[in-house]
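One structure is given below, encoded as structure tokens.
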Amino acid sequence: MELPFGLKRLFVVALTMCCFGCSADKAVVIEDSGDRRIVRLDVASANIYIVEENGKRLMIDAGNPGDEDRYEALMRESGIDPATIDFAILTHGHIDHAGTAAFFQDRYGIQIIGGAGDQSMIEAAGDVDLCPTSVVAELLHMTLKGKQYPAFELDRGISAAEGIVDLAEFGMTGKVIPHSGHTPGSMVITIGSHAFVGDLIRGGVLRPEVPTTHFFMCDLEENRRRISEIIALHEIRYWHPGHFGPFPSSAVAQYLAQQLDK
Ligand SMILES: [Zn+2]
């Protein structure tokens, strides 16, 4: 039986909301090579990554406000005492990536690093215009309107003019690449063969390992240009988005080719 279009849309929206709100919290080890350990902490489909290397602990992104205790629980379950995390790099200043930063900064003294281009967004506690890219995104947008996170100050702001920052500054290996493909202050973090890309791209709601256009993107052309820049980094084999994922670089290249064909 063919469902009417309105019912289909309602089903997709309900499923999407459920995937964001009802999925079980989980910690997944991405790499454990002896020299380096990387764990993904997934709470309500907002990923935080913890990278351990050279006796340092780095957190990438900070999830939604209100989920602090859930992330803390996953950290402890993974053998990570939050008090031992040295610093956090935010891929950008949206609420689902910077939402718990104030908490971790205040409670554990974690240094927060972010894009200087998102400083005004952070001072406004994440209150910005979003550009929905689909019908589902428009409905998601309605649920996000007016939501804010506790404001905080960046301990280190990285400007686009500064160019690529070597993680050696923080005692680790890898790079922070200012990358305005999603917000003015967006950044991609590359460590070994991994790229942590925030909302440059996301995984599918039903097929997490399939690269998909993010729900909110104000300049799709710029987004695609920026994605191609990361694909060109041949040392990168795995992409780790803020939502769902991960996927191999080859899958992203395939996604991009399809988008450019449209
Ligand atoms: Zn975002």
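In debye, nearest 20: dipole of region 24-261 around its Cα centre with unit charges on the Cβ of K, R (+) and D, E (-)?
So the magnitude is around 440 debye.
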What is the pair-distance distribution P(r) of region 24-261, computed from all Cα-Cα distances in 10 Å bins starting at 0, with each bin given as a whole percent? 8, 36, 40, 16, 1
Taking the Cβ of each residue in Met75, Met59, Met187 as the centre, tally the other Cβ atoms inside 10 Å and list the residues starting with the fewest. Met75, Met59, Met187
Lys/Arg +1, Asp/Glu -1 at C-beta; region 24-261 dipole; positive extreme among Met75, Thr133, Ile60: Thr133
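Find the relative contact order for the chain and round it to a whole percent, using C-alpha pairs within less than 8 Å whose residues are 6+ positions apart. Please report the intermediate quantities before stating the final value.
On the way: 543 pairs, mean separation 37.9, N = 262.
Contact order relative to length: 14 percent.
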Per-peptide average of other Cβ atoms within 10 Å, ordering 209-216, 229-236 highest first: 209-216, 229-236
Placing +1 on each Lys and Arg Cβ and -1 on each Asp and Glu Cβ in region 24-261, then taking the dipole about the Cα centre, the residue among Phe170, Pro208, Ala98 whose Cα reaches farthest towards the positive end is Pro208
Which whole-number percent of Cα pairs in region 152-262 have a distance greater than 25 Å? 19 percent
What lysines does Lys26 reach when the alpha-carbon gap must be under 24 Å and sequence neighbours fewer than 8 apart in one chain are set aside? Lys56
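Read-outs throughout are calculated quantities, based only on the coordinates presented, and are distinct from any laboratory measurement. Quantities reported herein were computed from a predicted structural model and do not represent experimental measurements. Cβ: placed from backbone, ideal geometry, glycine included. Neighbour counts: every protein chain shown.
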